[in-house]
Amino acid sequence: MPQIDFATVIFAVIAIVVAVRLYMTLGTNAQADSEPGPNVVNLRRAPSPPSASGAATAAAPDDSLRWRGAAPVGSSVEAGLKAIAAVDPAFDARSFLSGAVGAYELIVKGFAAGDAAALSAYLAPDVLKLFSDQIAARKAAGRVASVALIGAPQASIDSASLEGGHAHVVVRFVAKLLSATRDASGAVVEGSADNPEGHCDLWTFARDPASADPNWILLTTEAVAAA
């Protein structure tokens, strides 16, 4: 397998068409009320609508609250979120977006730290093998990677749709990272220890709303030019 440096693995210019499994608990099942484990990104779903017995006195829920701030009114993104919510009433775009940011941070930091065990909760076996191989190669070369996010990543929903019965949400992440790889002597051999670099990436998540499995799958990642 060819060697791939830190920046290439995390921010590939070409789309990585692989199933990267993110264990994002969506919170209406029996586990939703418990505290998430250390490797779980908790995405809270929207509250369940009132039962029939309480419908007479309860006000109708304002569905727009579930994506207010996540999509411009009247946009194609809002239309896509409405389509997803129509088949998955528990879907909450704002909570999803918040959880996606957490996943982004954990994956980037986990790879830099060489924590393959932590990454296993988010990556499909083939992707985990790629990451693990790179971590092992880095360790064998006596190199150590570090990464720090300069401020919180910005995340926005680039598009949303219901395709073939599957929900697709594309999240645009804009982040500034200070990343560096050092050799055994401590010298920086990749990246920079002083100059943060901006990154803009599109991550595509998908889920079958009819499935009892609450997990979303990261289908692709792609580095793009900042808007």
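Remarks
- The residue list Val144, Val87, Val170 contains one member that is modelled with pLDDT of 90 or more, aliphatic (A, V, I, L, M) and under 13 Å from the mean Cα position of the chain (by Cα), which is Val170.
- Only one entry of Gly110, Gly102 meets the criterion of being touching a Leu at 6+ places or on another chain (Cβ under 9 Å) and within 22 Å of Gly186 (Cα to Cα), and that entry is Gly110.
- Enumerated strands (runs of 3 or more DSSP E) restricted to region 140-227, each holding at least 3 residues that are within 25 Å of Ile84 (Cβ to Cβ): 154-163, 166-182, 197-207, 216-223
- Residue in region 211-223 that is among the charged types (D, E, K, R), surrounded by 14 or more Cβ atoms within 10 Å (Cβ to Cβ) and in contact (Cβ under 8 Å) with a residue 60 or more places away in the chain present: yes
- Pairs where the first residue, in region 111-123, is within 12 Å of Arg138 (Cβ to Cβ) and part of a loop (DSSP other than H, G, I, E, B) and the second is of a type outside the set (S, T, N, Q) and at pLDDT 85 or above, C-beta under 9 Å, 6+ apart: Gly114/Ile135; Gly114/Ala136; Gly114/Arg138; Gly114/Lys139; Gly114/Val144; Gly114/Ala145
The values are calculated or read from the model by the stated rules, or taken from the named source; none is laboratory data. Please read all numbers here as calculations on a predicted model, not as lab measurements. Because the Cβ atoms are built from the backbone with ideal geometry, glycine has one as well, and the counts that use them run over all protein chains shown.
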